[in-house]
Amino acid sequence: MFDDLMTWLRAQLDERESTAAHNLASIERHDLAVQMLVEVDAKRRILDLHRQDGALCEHCDAHWPCPTVRLVGLPYADRDGYREEWRP
Ligand SMILES: [Zn+2]
């Protein structure tokens with residue numbers, strides 16, 4: 001379904017953001033939802049820094065996908081579409 005880690009990872013973050021947005025209305029889950037949104041924003045900023053430039057990451061010059069992007073993806077490794085080849 002997703003051929004590259006970055007596209008798959010951004011889809012996971014979109015889903016996480018949607019879940020958090022639904023939970024914002026819940027009194028019990030409001031603080032957790034806010035925390036989730038802050039985490040999604042931070043991870044998106046990390047991904048904005050680490051972009052593919054040919055075979056390398058333009059930020060850290062490592063082979064693409066770089067270790068940073070792989071680590072951002074690791075917490076979602078149990079989700080559909082994750083590939084073992086992306087594991088750091
Ligand atoms: Zn990088």
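The values are calculated or read from the model by the stated rules, or taken from the named source; none is laboratory data. Source: prediction; values computed, not measured. Note: ideal-geometry Cβ built from the backbone for every residue, glycine included; neighbour counts use all protein chains shown. When the accessible area is computed, the model is the full protein with side chains, heavy atoms only, and any ligands, DNA or RNA have been set aside. Shrake-Rupley method; radii C 1.70, N 1.55, O 1.52, S 1.80 Å.
A count restricted to the stretch 23-33 and to residues that are open to solvent by 60 Å² or more (accessible area, probe 1.4 Å) and part of a helix (DSSP H, G or I) stands at 3.
Restricting LEU47, LEU71 to residues that are modelled with pLDDT of 95 or more, within 16 Å of the ligand (Cβ to nearest atom) and open to solvent by less than 70 Å² (accessible area, probe 1.4 Å) narrows the list to LEU47.
Among the residues of the stretch 75-84, the ones that are surrounded by 13 or more Cβ atoms within 10 Å (Cβ to Cβ) and either of a type in the set (S, T, N, Q) or in a helix (DSSP H, G or I) (or both) come to 1 in all. Residue count for the stretch 50-59 satisfying the condition of being in a loop (DSSP other than H, G, I, E, B) and loosely packed, with under 13 Cβ neighbours inside 10 Å: 2. Restricting attention to the stretch 12-22, the residues that are open to solvent by less than 30 Å² (accessible area, probe 1.4 Å) and without any contact (Cβ under 8 Å) to a residue 40 or more places away in the chain add up to 2. Selection within the stretch 1-10: residues that are assigned to a helix (DSSP H, G or I) and without any contact (Cβ under 8 Å) to a residue 60 or more places away in the chain. The member of this set that is nearest to the chain's Cα centre (by Cα) is ARG10.
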